[in-house]
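Colleague: Input: one structure, supplied below.
Read the figures in this text as sums done on the coordinates, not as results from a lab. Treat the numbers as computed from the prediction; the structure is a model and nothing was measured. Virtual Cβ from ideal backbone geometry, glycine too; neighbours counted across all protein chains shown.
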Amino acid sequence: MKIFKFLFIAFLAVSFSGFSQTPTDFLSAAFHKSRRDALRAKMPANSVAVVFANSIRNRANDVDYVFHQDPNFYYLTGYREPNGVLVMFSENQTDADGNIYNEILYVQKRDARAEQWNGKRLGVEGAINVLGFSKAMNAEEFVNTTIDFKKFDRIFIEKFNDDYRNSSRNAAEVYDLVVAFKEKSAYNPNNFLSPVKKQVYELVKSTPIENSANVAQVIGRALAYDPSLKNDKDLMQYKEATDAQLKKDLQQKISLKLEAKTNIDQSFLSTNLATLREVKTAEELKLLTKAVRISAIGQVEVMKAMKPHMSETELQGIHEFVYKKYGAEYEGYPSIVGAGNNGCILHYIENNKTAVGNDLVLMDLGAEYRGYTADVTRTIPANGKFTEAQKAIYDIVYKAQEAGIAAYVIGESMAKPNQIARKVVNKGLLKLGIIKSIDEKHPYFPHGTSHHIGLDVHDPGNYGNFEENMVVTMEPGIYIPNGSNCDKKWWGIGIRIEDDILVTKNGPVNLSEEAPRTVQEIEQMMAKKSVLDNFVLPDLDK
Ligand code: GLY
Ligand code: MN
Ligand code: MN
């Protein structure tokens with residue numbers, strides 16, 4: 001009898017833990033700590049970094065958008081709730097009780113009522129026990145912090161977007177944390193140069209007077225991006241001046257404007273976090289590879305299931321079902337499913353054509369798995385067979401992609417794959433008579449081919465040379481919208497092929513290779529049966 005009782009209790013325990021199970025394969029606390037240590041190693045003496053969590057964003061009335069953490073904040077902390085702030089010091093600090101610390105994570109306070117409505121919070125205890133911080137406090141304490149920000153030589157923050165909601169439901173939401181920080185650090189927005197202004201001033205400073213005609217031209221172009229440059233009399237005078245001595249004097253004056261008027265620095269964090277984030281650790285690669293494989297398998301399932309009567313929305317749903325089946329939490333960016341001419345709109349997200357018909361369908365989607373997002377595109381004929389015209393364009397894009405991937409080699413310039421792909425595309429378009437000369441400026445390939453992926457679909461990076469363990473997309477495309485200046489037979493063809501390439505010592509590894517890419521492989525896959533072939537729901541219009 002006793003043994004039965006024991007088995008029954010064990011059964012209950014297993015069942016209960018089964019029901020309450022949540023994913024355990026997030027990045028480890030040790031990973032996040034190692035990233036903070038790596039960032040701290042780059043911080044100069046007597047400096048402090050302040051990184052804010054994302055805020056909740058309101059959708060309508062009492063419904064908010066699904067919360068998503070700020071990737072830099074997540075990278076450094078692992079905290080997945082809103083309304084937090086991380087403070088990191090370059091050197092150890094000592095509190096009034098003699099405790100030594102070099103970082104503090106401020107988190108949402110535990111609150112039984114709020115947790116009943118909106119879910120569990122980690123709280124200070126969780127920040128210490130789960131995230132591994134040695135010092136954590138409630139966010140309210142940041143609002144009243146006694147940290148003397150003015151004593152630091154440098155304060156590193158990211159640029160404020162100033163789009164935080166002040167809901168007044170919570171006295172320590174990001175809005176309040178930012179207000180408190182600005183007050184305590186004497187933040188003054190007038191002390192910062194706009195990025196365009198900064199670049200122009202730097203160019204003026206570094207260019208010898210004999211080459212200043214080029215700078216004048218750049219200033220002319222920069223005015224289109226930042227019309228406020230017009231108010232800078234010295235700069236405008238420099239642009240027009242012909243006298244060398246006058247130019248020299250103005251150069252000196254403009255150079256002085258680059259000198260910091262504040263101890264707050266808004267570029268250190270983005271630059272240094274880009275340097276860290278562009279090279280993935282083994283732990284990151286495991287999650288990113290999974291996100292990419294899930295997305296490629298989604299493409300495979302849609303290839304098998306697609307029929308001309310299906311809608312773009314329905315096809316999007318099949319992709320996203322596959323992601324969720326694998327436990328991926330989100331889409332890494334709004335899914336793009338565009339049939340025919342819709343495929344020529346680069347970031348088409350309406351996905352509302354009610355039947356894809358016999359067109360090509362461009363599908364650019366990426367699962368987000370434990371924070372890491374894939375970015376995979378396939379373009380396939382809805383009826384399972386490419387026409388001759390579609391095949392001709394597809395083969396050019398495929399060849400451009402293959403040639404570009406071969407350049408994903410350690411030490412090679414990250415600009416190279418794009419240059420290679422562009423040559424292949426132009427050669428192909430010329431051969432088909434779509435363009436008239438090899439260096440004709442044309443609108444059919446309007447984007448670059450290569451960006452980092454990671455916690456962001458367009459992950460930050462410095463875009464120098466390829467390094468081991470970078471993961472970068474290779475995504476050439478040709479888009480010939482209706483009405484283009486070429487033979488009508490090409491109209492409405494929009495093709496992108498996008499894969500996620502891992503740079504290794506042994507050369508490029510295509511992480512999304514599970515999704516067929518050649519015309520022949522795609523047609524073979526589309527001829528296969530799908531589990532959805534007999535999936536019929538009641539017709540609500542009859
Ligand atoms: N899905 C966005 C891109 O390919 O960059
Ligand atoms: Mn991409
Ligand atoms: Mn994409």
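Colleague: Restricting to segment 186-225, name every residue that is farther than 30 Å from Asp153 by Cα and in a loop (DSSP other than H, G, I, E, B).
Modeller: Pro208
Colleague: So, one more: In segment 327-336, what count of residues is obtained for those that are away from ligand 2 (no atom under 15 Å from the Cβ) and in contact with a strand residue (DSSP E or B) (Cβ under 7 Å, 6 or more places away or on another chain)? So that I can check it myself, show each step before the final result.
Modeller: To start, the set of residues in segment 327-336 that are away from ligand 2 (no atom under 15 Å from the Cβ) comprises 327-330.
So of that shortlist, the ones also in contact with a strand residue (DSSP E or B) (Cβ under 7 Å, 6 or more places away or on another chain) come out as 328-330.
Qualifying residue count for the region: 3.
Colleague: Which number in (1) buried (at least 18 other Cβ atoms within 10 Å of the Cβ); (2) over 16 Å from the mean Cα position of the chain (by Cα); (3) of a type in the set (D, E, K, R) marks the one condition that Glu467 misses?
Modeller: (1)
Colleague: May I pose another question? Taking Val503 as the residue in question, decide whether it is out of contact with any helix residue (DSSP H, G or I) (no Cβ under 9 Å at 6 or more places or on another chain), part of a strand (DSSP E or B) and either surrounded by 21 or more Cβ atoms within 10 Å (Cβ to Cβ) or in contact (Cβ under 8 Å) with a residue 40 or more places away in the chain (or both).
Modeller: yes
Colleague: What number of residues in segment 352-369 are of a type outside the set (Gly, Ala, Ser) and under 14 Å from the mean Cα position of the chain (by Cα)?
Modeller: Of the residues in that region, 3 qualify.
Colleague: Just checking, how many residues over segment 427-453 are assigned to a helix (DSSP H, G or I) and touching a Ser or Thr at 6+ places or on another chain (Cβ under 9 Å)? Spell out how you get there, then give the answer.
Modeller: Step one: list which residues in segment 427-453 are assigned to a helix (DSSP H, G or I), which gives 427-431.
Adding the requirement that they be touching a Ser or Thr at 6+ places or on another chain (Cβ under 9 Å) leaves 430.
So the count comes out to 1.
Colleague: Can you pull out the residues in segment 329-343 that are within 16 Å of ligand 3 (Cβ to nearest atom), in contact (Cβ under 8 Å) with a residue 40 or more places away in the chain and not in a strand (DSSP E or B)?
Modeller: Matches in segment 329-343: Gly332, Tyr333, Asn342, Gly343.
Colleague: Report, by residue number, each residue of segment 262-296 that is among the β-branched types (Val, Ile, Thr), assigned to a helix (DSSP H, G or I) and surrounded by fewer than 20 Cβ atoms within 10 Å (Cβ to Cβ).
Modeller: Hits for segment 262-296 are Thr271, Thr275.
Colleague: Tell me, which residue of segment 356-377 that is within 15 Å of ligand 3 (Cβ to nearest atom) and β-branched (Val, Ile, Thr) is surrounded by the most Cβ atoms within 10 Å (Cβ to Cβ)?
Modeller: Only one residue fits best here, namely Val376.
Colleague: For segment 418-450, what are the residues that are within 16 Å of ligand 3 (Cβ to nearest atom) and buried (at least 19 other Cβ atoms within 10 Å of the Cβ)?
Modeller: The answer is Asn418, Ala421, Phe445, Thr449, Ser450.
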